[in-house]
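Engineer: After the structure tokens below, expect a handful of questions from me.
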Amino acid sequence: MNRTGKDDLIHALTSGNQERACIIIQKQKELVDELFDDIAGNRRKYSLVHIAAFTGQEKVLLELIKQGADLNVPEVTYKGWTALHFCAMHHHAGIAQILCEHHVDRAVQDRDGKTALDLAIKFKHNDIVNIISQTK
């Protein structure tokens, strides 16, 4: 089956093939800030930065940063979470570290008024609490 670049990228991301995903991102830079439908079939839309953050794919996130992706873009159809919110919720400390080192806005609030730090505290992800609180 011949996949489109977008389909191939989603397949690479959902199968955890970070190397393949990075190659596709390098070749199809127009996908970097595109919004993707939720693969679970609900009506949410996510950027590649969101997908990398909630799946813990550090190599993909670093490639997206290299390609100039917007790290502060909110997810637009549900809670309004940023990548930092997703990694705080899903306990991906490596992603949080990368985002904070690249000056993500830590003060962004979701639709409920919660920051990523609030989520990390709520779910007792103390390593992420420390990263968000201390990394400058």
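Engineer: Share of segment 6-106's accessible area from carbon and sulfur, percent, 1.4 Å?
Structural biologist: C and S atoms contribute 49 percent here.
Engineer: Compute the distance in nm between two label points, each set 7 Å from the Cα along the Cα-to-Cβ direction, one at Lys66 and one at Lys6.
Structural biologist: Modelled inter-label distance: 2.5 nm.
Engineer: Among Phe123, Phe86, Phe36, which one shows the biggest mean-square fluctuation in a GNM of the chain, springs joining Cα atoms closer than 10 Å?
Structural biologist: Most flexible of the set in this elastic network: Phe123.
Engineer: So which aspartates and glutamates can Lys6 reach, going by Cα to Cα under 17 Å and dropping same-chain residues fewer than 8 places off?
Structural biologist: Here the aspartates and glutamates satisfying the reach criterion relative to Lys6 are Glu19, Glu30, Asp33, Glu34, Asp37, Asp38, Glu63.
Engineer: Shifting gears a bit: Please calculate the 1.4 Å probe accessible area of His103, with all protein chains present, and give it to the nearest 10 Å².
Structural biologist: Accessible surface of His103 is approximately 140 Å².
Engineer: What are the ³J(HN,Hα) values, in whole Hz, obtained from phi via the Karplus relation 6.51 cos²θ - 1.76 cosθ + 1.60 with θ = phi - 60°, for each residue of segment 99-107 in sequence order, with x given for Gly and Pro?
Structural biologist: Going residue by residue, I get 4, 5, 5, 9, 6, 4, 7, 7, 8 Hz, with x marking Gly and Pro.
Engineer: Hey, another quick one. Could you order Glu63, Glu19 by accessible surface area, starting with the largest, using a probe radius of 1.4 Å? Let's see the in-between values first.
Structural biologist: Values: Glu63 15, Glu19 100 Å².
In descending accessible area the options line up as Glu19, Glu63.
Engineer: Okay, moving on. Taking the Cα centre of the chain as origin, work out the dipole magnitude from +1 charges on Lys and Arg Cβ and -1 charges on Asp and Glu Cβ, in debye rounded to 20.
Structural biologist: Dipole about the Cα centre, nearest 20: 160 debye.
Engineer: Give me, ordered by chain and number, the residues 5 or more places off Phe36 or on other chains with an amide H under 5 Å from its own placed amide H.
Structural biologist: Those qualifying (amide H under 5 Å, at least 5 residues apart or on another chain) are Tyr46, Ser47.
Engineer: Also, quick follow-up: Placing +1 on the Cβ of each Lys and Arg and -1 on the Cβ of each Asp and Glu in the chain, which of Asn17, Gln97, Thr115 has its Cα farthest towards the positive end of the resulting dipole?
Structural biologist: Thr115
Engineer: In the structure displayed, which of Lys29/Lys124; Lys45/Lys66; Lys66/Lys114; Lys29/Lys122 lie more than 31 Å apart, Cα to Cα?
Structural biologist: Numbers: Lys29/Lys124 36 Å; Lys45/Lys66 22 Å; Lys66/Lys114 28 Å; Lys29/Lys122 36 Å.
Pairs exceeding the cut-off: Lys29/Lys124; Lys29/Lys122.
Engineer: Let me ask you something else. Relative contact order for the chain: what percent, with Cα pairs under 8 Å and sequence separation of 6 or more? Could the numbers behind the result be given before it?
Structural biologist: Values: 198 pairs, mean separation 24.1, N = 136.
Result for the chain is 18 percent.
Engineer: Moving on. For semi-axes √(5λ) of the Cα gyration tensor in Å, several values are listed as [x] 39, 19, 18; [y] 29, 19, 8; [z] 25, 16, 13; flag the one computed from this structure.
Structural biologist: [z]
Engineer: Right, here's the next one. Could you compute how fast segment 46-88 diffuses translationally, taking Rh as the Kirkwood radius over C-alpha pairs and applying Stokes-Einstein at 4 °C with viscosity 1.567 mPa s? Give it in µm² per second.
Structural biologist: 129
Engineer: Also, I was wondering about something else. Excluding Val73 itself, calculate the net charge of residues whose Cβ lies under 12 Å from the Cβ of Val73, where each Lys or Arg counts +1 and each Asp or Glu counts -1.
Structural biologist: Working: positive: Lys45; negative: Asp33, Glu34, Asp70, Glu75, Asp105.
Neighbour charge sum, excluding Val73 itself: -4.
The values are calculated or read from the model by the stated rules, or taken from the named source; none is laboratory data. All of these numbers come straight from a predicted model, not from anything done at the bench. Here Cβ is always computed from backbone atoms with ideal geometry, including for glycine, and neighbour counts include all displayed protein chains. Surface accessibility is based on the protein's heavy atoms, side chains included, excluding ligands, DNA and RNA. Shrake-Rupley method; radii C 1.70, N 1.55, O 1.52, S 1.80 Å.
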